[in-house]
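Please read the structure below before turning to the comments.
Coordinate-derived values only; no laboratory data. Since the structure is predicted, the reported quantities are computational estimates derived from the model, not experimental observations. So basically every Cβ, Gly included, is an ideal-geometry build from the backbone, and we count neighbours across all protein chains shown.
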Amino acid sequence: MTETLSAPAPLGSPPAHEVLLDVRDMKTHFKVLDGIVPAVDGVSFSLGRGQTLGIVGESGSGKSVTALTIMRLLDIPPAVIGAESEVWFDGREILHMPLDSMRRIRGKDMAMIFQEPLTSLNPVLSIGEQIGEQVRLHLKVSRHEARDRSIESLRSVGIPSPEARIKQFPHEMSGGMRQRVMIAMALSCEPKLLIADEPTTALDVTIQAQILELLKVIQQRTGSALLLITHDLGVVAEMVDHVVVMYAGQVVEQGTANEVMLEPKAPYTMGLLESIPTAEKRGGRLSVIKGVVPSPFHLPPACRFEPRCPYAWDLCHEVAPELYPVVGSGSGRRARCHLHQAAGESRRVAALELHADAMRVGRGLKEDPA
Amino acid sequence: MIKYIVRRTIQAIPVLFGITIVVYGILLAAPGGPTAKFAQNPRITQEMKEDFKRAWGLDQPVPVQYCRWMGFCSKEVDAKILGVLPAPAAFIGPKGWPNLLPTPLSGASNGVLHGDFGFSISTGELVNKAISRAALPTLILASSALVVWLVVAILIGVYAAIHRYSLFDQAATVFAYVGYAMPTFWLGIMLIFLFSGPGLNILPAGGMTETRVSPPFGSDDYWVYFGANTVAAILDIGKHLILPLFTLVVVSIAGDSRFVRASMLEALGQDYVRTAKAKGLPARTVTFKHALRNAMLPVVTNIGLELPLLFTGAIVTETIFSWPGMGRLTIQAINSFDYPVLMGILLIAATLTVFANLLADVAYAVVDPRITY
Amino acid sequence: MSDVFSNEPGIEAERLRRAEEAGEDYEVGLESLSQWQLAWRKFRHHRLALIGLGIIATLIVVAIAGPILMPFDFATIPVPDKIVYQGSPPSLAHPMGETGGLQRDVLELVVNGSRTSLFIGFSSMFIGVTIGTIVGSIAGYVGGFLDNLLMRIVDVMLSLPILFVILVAGRFFGNGSVVLIVVIFGLFSWMGVSRLVRSQFLSIRESEFVEAARAVGVRDRRIIFRHILPNAFSPIVVVASLIVAGNIIGEAFVSFLGFGVSPTTPTWGNILSNALTFIPLGNWWWPMFPGLAIILTVLAVNFIGDGLRDALDPRSRA
């Protein structure tokens, strides 16, 4: 259970006060027998106080590992965290701080909601005990006061008759109720940052909407920042201000939710958006991104999306693209694609047009004589 | 919960009845029988053997013998119906209630049903008395073994799980494999050779007390001595207890430490443990409150199922270390074909097994809120 | 049990990766293997199980050839005109030493004992498995009252301290012969198997492929022998390994107490019978080597059992 790092590198300077979370060049690799899996490979982003950020990506893109690294919930080993990686939270670097100090932040200033409400609650402890122990630990209040606070936080997430509910055990509740309990637990100490890792994936569709609505309302009411991790672009559009798109352990695009959703600049994001079935595309063929996510053991040599990219050319196979600023957009707008540097100038317009067409009628329909 | 316990107890009754039949059947089927011990004695005539059989009711038909042993027939009727199958009236006790009921209701007092196992054939002593005399030493051995077994097995298992693949964990694995393959009696013998042999000779090879110092354990004199030298007497027993205790627990610890480890590892990998860490709880709370409590659920059941092994183990251990308990009594009874004593011991052991299983289920229901009855 | 010693799953994954890189179609290769080929493939990669198999094979050779090379005759006393109470420690001539009293060669006893002990362990297991399979099949197939009765009998048998009952049986029925001991141990080791087979019957009887087989008129006997019993085979094999280990220890214990096989036929248990009286003389080699033989055998059988469990578990992938 030793989670300290061996040789902490000298730290950079803290970000401006308005920035609550600043992730800098995060690298999380897993050492397994077969080699090293670069689950997160140089990810950087930041999140302002009270703001919302979505991390989007397929399973295996490294988005959950990013969240777990921020929370420092990964076991070291097998996880290895890059020495030069830094995560600044509320003015402090948390990736290299002693685990004891980190424990005081976890659950208090930074709380996390997990994907599986069915298994994330301890089956042998009552709901009240599970919320109460956190409150007692961080807020140093009496058992009685912790109970009142637990009831209060259960009420705030819309659980009816919370006084009775705190005596219940997880198995006596439905999945949606349990996720509400998880949210209540996360919010019980009024955290500055709430990390939600696919909070609705395991739930029924109708419940999903309720939980998302709840998260949104609560985020606005308490003013805490929200880091939402999801594979669902629809959720992103509704829930967050800013978006980071991840592919194979790297950020491939970032910007505001509107920018990314309406004018995607990285071919991967374009492909993702094209694959969403919409009313306009009815009757057309639904486009998919060809190929599969590359195995972490043999990633493509340069651009990791290159083998699947419809716009790729020789350069993409030779030089790894950086996260280039997008031409003609704001400062936060970036995409990891050679289309957005001088060498890709000529191809960019064509690519964007192709994408616009695909969004309208579905890819491939144009060439299809039928 | 109470309803469940009552229901399970009632369900245990047919099993216990079955056990009496099996036990009786085994002993009945044995060739030779109680008179076999006279075979070598030339002074015992055939006539004397017949008298002996008649006196003990061994000449009766099997069902009559069984009913008398069980105590279905009342004492009064018993005398009259010897030689014939018990009439229905024979099942009615002095108070007019069926003889199947406990003593206060039926008024009957002899027979297994009424807590009377009869007389020992070899010594003529009441079986109850012989068993209760042997029960205390066994209880001392078994209960201290139980405590050591559980504490050590859980400690090793949990520590090995937390420090998985560490040197300790690997050593524990080797110990578990070898310990599990080791015959208890052989371990006892080797320990005696090691600690009581000519080399070291630091621990007593057998017995429960230093017989040169104190009167034999369990006698009235002993209790007088015990009252006068309490501390010395307890230390003396403790010294005699070390080797048998160690012998008795090694196999159980070997098996259960692996079980605890596996169970703990599974619990540590669960999502709720990650949740507990995410809440900022200290490592100790995460391990002992969140993981251990869940890891103990299968362990509780396993322990209940293994409790009877303690009894079998005690037979072995007591024999090797001449511990004056049930195990020794058993071996003596087997050697002298002492049926009543054997049946009494077997029945007690089986009853303990049935209730250990019941206890395990109840304990499981207590620790796991998901189980409802 | 075996996660420290067993081969790590990663090695197999590494092989798979190499195979992929070399362009082999690994998955298709797997498809063509039968269930048993697959199991053997997995078993082969279980290092400890292979060691166990090697030990057992060696022991079987010893058990067969040993008594021929160094025959044991109870009536022959090595040094008839010499009365030495003290045994002699291991030496070149007697690698495991000599016993106190009759000055018998411990190696000779252990070698001859291996034949009896292994024979008892394995043949009592066969009896137990046969009875268990029959009882379990009847209970699971017939169901109803008979099922209930048989399972209550199993409950009763499991509530008895079995080793204790075997002691009693050994004393009351035994006459020191090996066959009787085998039968007694066999008669008391079928309960676990019968429960296993019965549960297999219950779960498979209701399954769709059996319904389908019934629907097209396949006879019950064929269903039992083609579908149900082969499915129960894997768990039975694992339980059988436990029975072998348990019965070898059990026999040693019963014979040690003098209620088992008579000393005219050495077993690893009855060799030890007299050893306790020699404690003051410190003849430690006498009990030690037979005991080590037992531990080695039981360890080997347990390793094989572990290997079989991993190999026959369809959920574990090689």
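Hey, got the average number of other protein chain Cβ atoms within 10 angstrom for residues in B:265-276?
Shielding by partners across B:265-276 averages 5.
Once a ≥ b ≥ c are taken as the square roots of the eigenvalues of the Cα gyration tensor of the range B:127-367, is the result rounded (a/c under 1.5), prolate (a/b larger than b/c) or oblate (a/b not larger than b/c)?
It comes out prolate by the Cα gyration axes.
In whole Å and largest first, what semi-axes does the C-alpha gyration tensor of the protein assembly as shown yield when each eigenvalue is scaled by 5 and square-rooted?
Each semi-axis is the square root of five times an eigenvalue, giving 69, 34, 31 Å.
Is the C-alpha gyration tensor of the range B:271-351 telling us rounded, prolate or oblate? Criteria: a/c under 1.5 is rounded; beyond that, a/b larger than b/c is prolate, otherwise oblate.
Prolate.
Measuring from centroid to centroid over Cα atoms, what is the spacing of the range B:289-332 and the range B:180-210 in Å?
That distance is 19 Å.
³J(HN,Hα) across the range B:351-363 via Karplus (A = 6.51, B = -1.76, C = 1.60, θ = phi - 60°), whole Hz, x for Gly/Pro?
4, 4, 4, 4, 7, 5, 5, 4, 4, 4, 5, 5, 4
In peptide A:120-131, what is the residue-averaged number of other protein chain Cβ atoms found within 10 Å of each Cβ?
Per residue, the number of nearby Cβ atoms from other chains is 5 on average.
Rounded to the nearest 20 Debye, what is the dipole magnitude of the range B:236-285 about its Cα centre when Lys and Arg each give +1 and Asp and Glu each give -1 at the C-beta?
Computed charge dipole of the range B:236-285: roughly 280 debye.
With the crude spin-label approximation of a point 7 Å out along Cα→Cβ, what separation in nm comes out for residue B:235 versus residue B:155?
With each label placed 7 Å out from Cα toward Cβ, I get 2.3 nm.
What GluC sites (Glu not before Pro) in the range C:200-304 are in a loop by DSSP, with at most 16 other Cβ atoms within 10 Å of the Cβ?
C:206
Test of the criteria: in the range A:43-144, which trypsin sites (Lys or Arg not before Pro) are in a DSSP loop and have at most 13 other Cβ atoms within 10 angstrom of their Cβ?
Listed in order of number, the matching sites are A:140.
So, counting K/R as plus one and D/E as minus one, what does the shell of residues with Cβ under 11 Å around residue A:42 add up to?
Here the charged neighbours net out to -1.
Mind jotting down the distance between the C-alpha centroids of the range C:145-167 and the range A:141-169, whole Å?
Centre-to-centre (Cα) distance: 51 Å.
Which links in A:27/A:290; A:108/A:216; A:31/A:63 stretch past 25 Å when you go from one Cα to the other?
A:27/A:290, as the Cα separations exceed 25 Å there.
What whole-number distance in Å separates the alpha-carbon centres of the range A:285-360 and the range A:228-245?
The range A:285-360 and the range A:228-245 have Cα centres separated by 20 Å.
Which net charge results when you count Lys and Arg as +1 and Asp and Glu as -1 among the other residues whose beta-carbon is under 15 Å from that of residue C:111?
Value of the local net charge: -2.
Based on Cβ point charges of +1 for Lys and Arg and -1 for Asp and Glu, what charge dipole magnitude is obtained for the protein assembly as shown about its Cα centre, in debye rounded to the nearest 20?
In debye, rounded to 20, the protein assembly as shown gives about 1800.
With a cut-off of 16 Å, note down the residues of the range C:122-159 whose backbone N falls inside the zone around a label point 7 Å from the Cα of residue B:21 toward its beta carbon.
C:145-159
For the range B:144-159, take each phi angle, set θ = phi - 60°, evaluate the Karplus expression 6.51 cos²θ - 1.76 cosθ + 1.60, and give the result in whole Hz per residue in order, putting x for glycine and proline.
5, 5, 4, 4, 4, 4, 5, 4, 5, 4, 5, 4, 4, x, 5, 5
Suppose R0 equals 25 Å; then what is the FRET efficiency for residue C:207 and residue C:134 from their Cβ-Cβ distance, rounded to the nearest 0.05?
The calculated FRET efficiency here is 0.70.
Run the simple label-point estimate for residue B:335 and residue A:84 please: 7 Å along Cα→C-beta, distance reported in nm.
With each label placed 7 Å out from Cα toward Cβ, I get 8.2 nm.
So, in nm, how far is label residue A:221 from label residue C:175 when the simple model puts each one 7 Å beyond its Cα toward the Cβ?
Placing both labels 7 Å along Cα→Cβ, they lie 8.8 nm apart.
For residue B:143 and residue B:351 in the same chain, what is the full-extension length gain: residue separation times 0.36 nm, less their Cα-Cα distance, in nm?
Once the chain is fully extended between residue B:143 and residue B:351, it gains 73.1 nm.
Which whole number gives the average, over all residues in C:281-290, of C-beta atoms from other chains lying within 10 Å of the residue C-beta?
For this peptide, the per-residue mean of nearby foreign Cβ atoms is 4.
Determine, from the Cβ-Cβ distance of residue A:357 and residue B:271 and an R0 of 45 Å, the FRET efficiency 1/(1 + (r/R0)^6), rounded to the nearest 0.05.
Computed FRET efficiency for residue A:357 and residue B:271 comes out at 0.55.
Any idea what the dipole of the range B:139-258 comes to, in debye rounded to 20, about its Cα centre with Lys/Arg Cβ at +1 and Asp/Glu Cβ at -1?
320
Estimate the FRET efficiency between residue B:29 and residue B:135 by the formula 1/(1 + (r/R0)^6), using the beta-carbon distance for r and 35 Å for R0, to the nearest 0.05.
Step by step, r from the Cβ atoms, then E = 0.80.
Going 7 Å from the Cα of residue A:275 in the Cα-to-Cβ direction, what parts of the range A:225-240 have a backbone nitrogen less than 13 Å from that spot?
Output list for this probe position: A:231-233.
Name all residues of the range C:148-180 having a backbone nitrogen under 12 Å from the label point set 7 Å from the Cα of residue C:264 along its Cα→Cβ direction, giving them as ranges.
Those under the cut-off are C:175-178.
Output the Kirkwood hydrodynamic radius of the range C:35-311, Cα pairs only, in Å rounded to one decimal.
20.7
Tally Lys and Arg at +1 and Asp and Glu at -1 over the other residues with C-beta under 13 Å from the C-beta of residue C:66: what net charge comes out?
-1
Mind checking the full-extension length gain between residue B:283 and residue B:170? Use 0.36 nm per residue of separation minus the Cα-Cα distance, one decimal, nm.
Once the chain is fully extended between residue B:283 and residue B:170, it gains 38.4 nm.
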